[in-house]
Amino acid sequence: MTALPELRLADLLTLLAVQRTGSISGAARELRVTPSQVSKAIARLERHFGVRLLSRGARGVAPTAAGRQVLPRIANAIEELRATNCVREDQAPALELTVAGPSYLVAHILPAIAAGLPRVRVRGLEVAPAYMRAYVAENVFDIALVPGGIENRPAAWTSEQVGSFRVVLLARPALAKQLEPLPLTTDRVRPLPFIGPTKTGGDRFVALNDNCPLSWEERWIAHEVQTIGAALEFASQTDHVVFGPALAAGRLLATGALVELPVVGWDVREPLHVLCNGDRVLSRVRTAVIRASHEILESA
């Protein structure tokens, strides 16, 4: 019976470098070795595990399905070795974490995630919920901050609700003054000019659900924009209203550029779910992200 080749720590570090850089040449530059040495290290690991760990394509090198299962365990093992000082800080690569979410959630939660994971290199992607639902199976990101969650997600993905945030009607103070007395009734809201959310759908534009108690058909959608940030800035300078997360409007509310318009019977809260790719995210990282997200929502 042929013995398995010896598992080398340097080879494991090389594999993590290839995952991080997305290419053999990139890993070689980072490790200051030749591409041939990187390729040989990967070959030794594939012989050891008996599976292909990486696939090469037009976009570079990416983990195979087997590689996605092995890589988090290798990264976890390196972290454990580093904690016992068996791996020097200059040897062990920083873990990387790609977090996707709407712009306002990324802006508020990403700093807390980075603070809670000081040894992790965090990458934030501003992605609308509709696109996250489309890309969740494409391994574009490791963690997703998704209002309302995602049904029928891939089996590898876990989902946990970490809290909720208020969604309110917003306008600039001058318009709010004109609309007094407050609170408004639904009938008084119906004729107001709204700035609604939209996305591109091929060669056309598609309306997005903003969970407003008044549907698109019941409202006057005077203008449409793609991001909540743009909608809020628009409303802060014109006599239009926006139904959106109070969390997203924090700066504009704090400076008085926008105010909340209370409406009788409107008490909308949007649940926030943290989705994690279990094949790529360590359990301690998942726990830290959930904790950070929960704390931000609690303090908002």
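For the stretch 255-269, does any single residue satisfy the condition of being crowded, with 18+ Cβ neighbours inside 10 Å and modelled with pLDDT under 95?
Taking every residue of the stretch 255-269 in turn, none turns out to be crowded, with 18+ Cβ neighbours inside 10 Å and modelled with pLDDT under 95.
Criterion first (touching a residue at least 40 places away in the same chain (Cβ under 8 Å) and over 12 Å from residue 293 (Cα atoms)) does residue 117 satisfy it?
So residue 117 passes the test.
Residues that are at negative phi, of a type in the set (Val, Ile, Thr) and modelled with pLDDT under 90: which helices (runs of 4 or more DSSP H) entirely in the stretch 65-159 hold 1 or more of them? Full working, then the answer.
Values: elements: 65-83, 103-116, 129-135.
Passing ranges, in order: 65-83.
Give the stretch 140-161 a look and list any residue that's within 14 Å of the chain's Cα centre (by Cα) and hydrophobic (A, V, I, L, M, F, W, C), or say none.
The answer is 140, 141, 143, 144, 145, 146, 150, 157.
With the condition kept exactly as written, say whether any residue in the stretch 178-188 is aliphatic (A, V, I, L, M), farther than 15 Å from residue 239 by Cα and in contact with a helix residue (DSSP H, G or I) (Cβ under 8 Å, 6 or more places away or on another chain).
Yes, the conditions are met somewhere in the stretch 178-188.
The values are calculated or read from the model by the stated rules, or taken from the named source; none is laboratory data. Because the structure is predicted, anything quoted here is derived from the model rather than measured. All Cβ positions, even for glycine, are placed from backbone atoms using ideal geometry, and neighbour counts span all protein chains on display.
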